[in-house]
Amino acid sequence: MKKICRLSLHLSYLILSIITVSLFLPHFVTDILAQSPPQSSIKDQNIVVSLNANDAIFNANTSEFLGSKNMSLTPYLVTEEHIIDHGILKNVGNVTNNKTFTSTYLSDELLVGRGKGTIETTDGQSINWISSDLGRPSDNQWVFHGIIQFNNTQGESLSFLNNRIGLYNSTSDVNDPEYIWLLE
């Protein structure tokens with residue numbers, strides 16, 4: 001009987017503590033939030049990106065599919081693809097984009113891709129990048145929309161890409177062009 005009384009006494013204290021905290025905590029959180037600086041949203045930012053092909057900084061005019069392998073079948077199909085693009089980088093000229101993508105097929109209608117690669121100029125300057133994208137099937141091919149982040153380079157002709165972020169659009173058809181646009 002003493003154990004039951006002690007247990008009920010402890011439960012009573014616990015219930016009173018919860019009620020007390022719940023009475024004062026909302027006011028405390030409201031006060032803290034009122035003192036916090038307002039958070040800016042992306043719509044408050046002046047991010048302007050023209051997705052016109054003429055405004056792209058990179059245009060891959062030929063692509064070479066080097067191979068694909070299955071990495072996993074469960075719980076989702078995961079593949080790794082290797083591709084080399086040959087194209088034109090605005091204000092630089094001819095470049096090669098050596099790419100590796102890991103694709104996770106969440107369904108027959110959606111995949112999530114992670115990429116990494118290197119853009120190299122004809123004189124040997126290079127810059128590495130990483131990316132993430134979503135792919136959906138359209139007209140018997142996959143269409144990808146993604147975001148790319150460039151690392152740093154010591155190469156003078158590619159330095160305008162240092163730590164820049166861009167958007168890209170490509171397809172699984174190596175005969176279709178790929179475009180990259182920089183965020184302003």
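Given 109, 156, 178, 120, which one is more than 21 Å from residue 57 (Cβ to Cβ), in the same structural domain as residue 74 (by TED's automatic domain parsing) and not β-branched (Val, Ile, Thr)?
So the residue among 109, 156, 178, 120 that is more than 21 Å from residue 57 (Cβ to Cβ), in the same structural domain as residue 74 (by TED's automatic domain parsing) and not β-branched (Val, Ile, Thr) is 109.
Could you please let me know if residue 129 is crowded, with 18+ Cβ neighbours inside 10 Å, at pLDDT 95 or above and over 22 Å from residue 65 (Cα atoms)?
No.
Within segment 57-78, which residues are surrounded by 17 or more Cβ atoms within 10 Å (Cβ to Cβ), touching a Ser or Thr at 6+ places or on another chain (Cβ under 9 Å) and either part of a loop (DSSP other than H, G, I, E, B) or hydroxyl-bearing (Ser, Thr, Tyr) (or both)?
Across segment 57-78, the qualifying residue is only 63.
Do you know which residues across segment 133-184 are among the acidic types (Asp, Glu) and surrounded by fewer than 17 Cβ atoms within 10 Å (Cβ to Cβ)?
139, 156, 173, 176, 184
Can you name the residue in segment 79-123 that is surrounded by 16 or more Cβ atoms within 10 Å (Cβ to Cβ) and among the acidic types (Asp, Glu) and, of all such residues, is farthest from the chain's Cα centre (by Cα)?
Among residues in segment 79-123 that are surrounded by 16 or more Cβ atoms within 10 Å (Cβ to Cβ) and among the acidic types (Asp, Glu), the one farthest from the chain's Cα centre (by Cα) is 120.
Considering only segment 93-107, I want to know if a residue exists there that is part of a loop (DSSP other than H, G, I, E, B) and either touching a residue at least 12 places away in the same chain (Cβ under 8 Å) or under 19 Å from residue 51 (Cβ atoms) (or both).
no
The values are calculated or read from the model by the stated rules, or taken from the named source; none is laboratory data. Please read all numbers here as calculations on a predicted model, not as lab measurements. Every residue, glycine as well, gets a Cβ built from its backbone with ideal geometry; the counts of neighbours run over all protein chains shown.
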